[in-house]
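Step one of this worksheet: look at the structure below.
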Amino acid sequence: MQSEARIFKSVCRACHGGCGTLMHVRDGRLVKVEGDRESPLNHGRLCPIGTVTVDLVNHPDRLKYPQRRLGPRGSGRWQRISWDEALDEIATRLADIRARFGAEAIALGTGTGRHHIRWVSRFGNALGTPNWCEPGFAQCFHPRVNTCLLTFGDFPVCDYTGDTPPACILFWGHNPIHSGPDGETRFAVREALAHRPRTIVVDPRETELAASADLWLRVRPGADDALALAMLNVVIGEKLHDERFVREHTHGFEQLAAHVAQYTPEWAAPITWVPADKIRAAARLFAQTRPGMLEWGCAIEHTPKCIQTVRALSMLPVLTGNVDVPGGWVFGGRAIGKFPSLIENLTPEANAKRLGADRFKLLGGAGADLPAAHIPTLLQAMREGKPYPVKAFLVFGNNTLVTYANSKLVYESLMKLDFMVNADLFMTPTAELADIVLPAAAWPELDQIVGLPTIAANVALAQQKVVQVGECKSDEEIFVALARRMKLPVGTEDVKDVLNAQLRAGGLGYDFDQLAERGFAKAPLKYRRYEGAGFKTPTGKIELYATRLEQLGYAPLPYYEEPPESPLSAPEAAKEFPLVLTTGGRIPFFFNSEHRQIPNLRRARRDPRAEIHPETAARHGIAEGDWMWIETRRGRIRQRAKLTAGIDPRVVSAEHAWWFPDEPGPEYGVWKSNVNVLTDNTPPFDPAMGTYQLRALLCRVAKAEGVA
């Protein structure tokens, strides 16, 4: 006779959306996951990824115990070892490398911003190395975070947890109904859309949002800065801005107005491929329909001029008075206190050694909220020992060969390492290159707290451990165990002690166990706080003219710059590679490189698909569903053709993060369809953030003859 299932509240972290869940556990086994109707972020609903959590946790291919590699790197042969053996070996090897080459010769890498990301840099700081990295820091989210901190003194988020729905939503480089980043879940967006706001979509692809929008601006990939500057030109030139808000609460309006006078819609039309009258219509609609919010995504951060693109876009809600108002952009309730990163443990000398920090100050220097190393510079240090050698790489929750740009160069870099550790849920092409592989806990197997939306933390949620699978440990527990084994001076506290300290600092009155019982707690949301306190900038105002950027040696006003590889900047290359490649569109059944092991998800998307216009496909003899080659100057991959008129005939959109766990290891088909074989991580970089080019690249296509 089966015992009755116990039900626990938690928060889904299959992506970093933060949907509240109810976890059903019977006899120590997870048997059911459903949405929590009380959660303010999803109101009981789950996406396809969340619904298969039981399949993820109980998957037969999960890594369940530590393993040591036998034979050369990439041999695919492994030996089971105990946790004591694994931790002792890691601690000994790291101590030896630190003694011989300095702590900076040890680097840490991580993936998307879920429960463990801040703990990766925390362990690096405890160890004394400034070199930790995450592919999104220069390419996703943190360009927006760091730029907004310098412009606003805080990070604004969309007001989905308030009582006032937006009257207008501008979706720019973001498709949130197929993703759920940072607490701004797809369900919150759909609820806002149910109030029938006016919508504007800026996207090269005719997404579901674009198809139903009042205005769809089919921008050329990589031309977002030109489009934003032209919209600013219209808002200011036609005096559509909120004159009182701009006069009383912004700095540098006159300089901005004079600067953007040159960026007319007629100037922008041939650059952006968006007609001038459509640019004017979009600027007028957003300016005249209030409250309005800007929903922006990582597409704007995938070219080497992302900081100025972010700057230009951020000014649209500012000029229209949609900052810190109900239904617009708001600042957070801070339900959780600041995470103890231990960065104070790094000496000034150690901080100065952070790779790339001397050049990219918004990524790793004085302009960074959470300083990180520059990935291309880090990879060069692995390969060439310049500017100094990096000998060890510890990877937590990241499939580096799939998610870092220029995968073949990444492979060369990893093969040069003396020592590599990878903690993950499954064996991956990246884990196969490690010396030690550690079995990581999935999200129902660990204790953590999350404040969402990220940075704002309007809602605090408890992610609680409800089951134990094999010998899996959370990344946080691994870091604490290593810190204790290495006798580090900091970073040895129990995980729950750190969580409780953050909750005390947030002031909601709950410790972890109490919050876990409740599931979540909301912080009171206040509007127009600037009326009494101003903004946390040197001028006390929103800085349209950025004084801090100017002090750091960067342009204080946004400007237009063509990507280094585009039809306009590289016309000779465009003769050989005549199409523009965009990448990174979200697949609702996977989260980046994750979940392709799950049968119910894989049935929904068996193979990678690349969108191509029927006219372009016909010229190359490509039919619907055919395998086709996509080639750039860095390599060639194949994906199945999806013919659509909802894309410009000059553009191809390829899916990212593909590998095939069902194919033989140690490669698992990583070179077949992985779009990062095509992307570029070589100079030029964004001068402030070090960002490289993931979109707007030049490519060509052909039918893949003889490929089954």
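Apart from one condition, W78 fits all of (1) open to solvent by 20 Å² or more (accessible area, probe 1.4 Å); (2) within 25 Å of the chain's Cα centre (by Cα); the exception is (2). Of the set (1) under 17 Å from P558 (Cβ atoms); (2) out of contact with any Asp or Glu (no Cβ under 9 Å at 6 or more places or on another chain); (3) surrounded by 20 or more Cβ atoms within 10 Å (Cβ to Cβ), all apply to P265 but (2).
Residues that are open to solvent by 10 Å² or more (accessible area, probe 1.4 Å) and hydrophobic (A, V, I, L, M, F, W, C) number at least 2 in the following helices (runs of 4 or more DSSP H) confined to the range 300-377: 348-352.
Looking for something of a type in the set (D, E), open to solvent by less than 10 Å² (accessible area, probe 1.4 Å) and either closer than 28 Å to D163 by Cα or touching a strand residue (DSSP E or B) at 6+ places or on another chain (Cβ under 8 Å) (or both) - is there at least one such residue anywhere in the range 463-476? Checked against the condition, which is being of a type in the set (D, E), open to solvent by less than 10 Å² (accessible area, probe 1.4 Å) and either closer than 28 Å to D163 by Cα or touching a strand residue (DSSP E or B) at 6+ places or on another chain (Cβ under 8 Å) (or both), the range 463-476 yields at least one hit. Just one residue in the set A441, A481, A431 is crowded, with 23+ Cβ neighbours inside 10 Å, touching a helix residue (DSSP H, G or I) at 6+ places or on another chain (Cβ under 9 Å) and either under 30 Å from V323 (Cα atoms) or modelled with pLDDT of 95 or more (or both); that residue is A441.
Taken together, the residues in the range 393-421 that are of a type in the set (D, E) and in a loop (DSSP other than H, G, I, E, B) amount to 1.
When the residues of the range 167-191 are filtered to those that are touching an Asp or Glu at 6+ places or on another chain (Cβ under 9 Å) and assigned to a helix (DSSP H, G or I), the one that is modelled with the lowest pLDDT is H178. Scanning the range 141-169 for residues that are more than 24 Å from L549 (Cβ to Cβ) and either of a type in the set (A, V, I, L, M, F, W, C) or open to solvent by 20 Å² or more (accessible area, probe 1.4 Å) (or both) turns up C158, Y160, T161, G162, D163, T164, P165, A167, C168, I169. Looking only at the range 20-43, residues that are open to solvent by less than 50 Å² (accessible area, probe 1.4 Å), touching a His at 6+ places or on another chain (Cβ under 9 Å) and under 20 Å from I598 (Cα atoms) come to 3 in all.
Residue by residue, here is whether (1) loosely packed, with under 14 Cβ neighbours inside 10 Å; (2) under 23 Å from Q448 (Cα atoms) holds:
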site	(1), (2)
L499	no, yes
G509	yes, yes
F512	no, yes
A523	no, yes
K526	yes, no
Y530	no, no
F535	no, no
T547	no, no
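Applying the set (1) in a loop (DSSP other than H, G, I, E, B); (2) surrounded by fewer than 16 Cβ atoms within 10 Å (Cβ to Cβ) to D88 leaves exactly one unmet item: (1).
Listed by first and then second residue, the pairs linking a residue in the range 204-229 that is among the aliphatic types (A, V, I, L, M) to a residue that is surrounded by fewer than 24 Cβ atoms within 10 Å (Cβ to Cβ) and assigned to a strand (DSSP E or B), with Cβ atoms under 6 Å apart and 6 or more places separating them unless they lie on different chains, are A210/W216; A213/T199.
Can you tell me which residue in the range 44-61 is surrounded by the fewest Cβ atoms within 10 Å (Cβ to Cβ), limited to those that are more than 24 Å from the chain's Cα centre (by Cα) and not acidic (D, E)? Checking each candidate, the answer is P60. Of all the criteria given as (1) small (G, A, S); (2) buried (at least 18 other Cβ atoms within 10 Å of the Cβ); (3) within 24 Å of R650 (Cβ to Cβ), the one not satisfied by A287 is (3). Please determine whether any residue of the range 51-70 is of a type outside the set (S, T, Y), at pLDDT below 95 and over 30 Å from P524 (Cα atoms). Checked against the condition, which is being of a type outside the set (S, T, Y), at pLDDT below 95 and over 30 Å from P524 (Cα atoms), the range 51-70 yields no hits at all.
Of the strands (runs of 3 or more DSSP E) that lie entirely inside the range 428-522, those containing 1 or more residues that are under 16 Å from L41 (Cβ atoms) span 448-452, 459-463, 520-522. Scanning the range 62-72 for residues that are farther than 23 Å from L414 by Cβ and within 26 Å of the chain's Cα centre (by Cα) yields a single hit, R62.
A single entry from R144, R98, R122 fulfils the requirement of being of a type in the set (K, R), closer than 28 Å to K496 by Cα, assigned to a helix (DSSP H, G or I) and at pLDDT 95 or above: R122. Among the conditions (1) part of a helix (DSSP H, G or I); (2) closer than 30 Å to F589 by Cβ; (3) open to solvent by 60 Å² or more (accessible area, probe 1.4 Å), the only one that R93 does not satisfy is (2). Being more than 27 Å from the chain's Cα centre (by Cα) and of a type in the set (D, E, K, R) is a property that holds for R100. Residues in the range 610-648 that are open to solvent by less than 50 Å² (accessible area, probe 1.4 Å) and in contact with a Gly (Cβ under 7 Å, 6 or more places away or on another chain): A641 only. Listed by first and then second residue, the pairs linking a residue in the range 625-644 that is of a type in the set (F, W, Y) to a residue that is open to solvent by less than 20 Å² (accessible area, probe 1.4 Å) and part of a strand (DSSP E or B), with Cβ atoms under 8 Å apart and 6 or more places separating them unless they lie on different chains, are W627/Q639; W627/A641; W629/I637; W629/V701.
A search for C-beta distances below 6 Å between a residue of the range 481-504 that is under 17 Å from L438 (Cβ atoms) and any residue that is surrounded by 15 or more Cβ atoms within 10 Å (Cβ to Cβ) and acidic (D, E), counting only pairs 6+ apart in sequence or on different chains, returns V495/E476. Where strands (runs of 3 or more DSSP E) fall wholly inside the range 1-59, the ranges with 2 or more residues that are closer than 11 Å to G519 by Cβ are 6-11, 20-26. Counted as qualifying within the range 576-679 are the strands (runs of 3 or more DSSP E) with 1 or more residues that are more than 21 Å from the chain's Cα centre (by Cα) and of a type in the set (K, R), namely 609-612, 635-643.
Just one of (1) on the phi > 0 side of the Ramachandran plot; (2) out of contact with any Lys or Arg (no Cβ under 6 Å at 6 or more places or on another chain) fails for L643. It is (1).
The values are calculated or read from the model by the stated rules, or taken from the named source; none is laboratory data. No experiment lies behind these values; they were computed from the predicted model shown. Glycine also receives a Cβ, built like all others from the backbone with ideal geometry; neighbour counts cover every protein chain displayed. The protein model used for the area step is the full one, side chains on, heavy atoms only, and it has no ligands, DNA or RNA in it. Shrake-Rupley method; radii C 1.70, N 1.55, O 1.52, S 1.80 Å.
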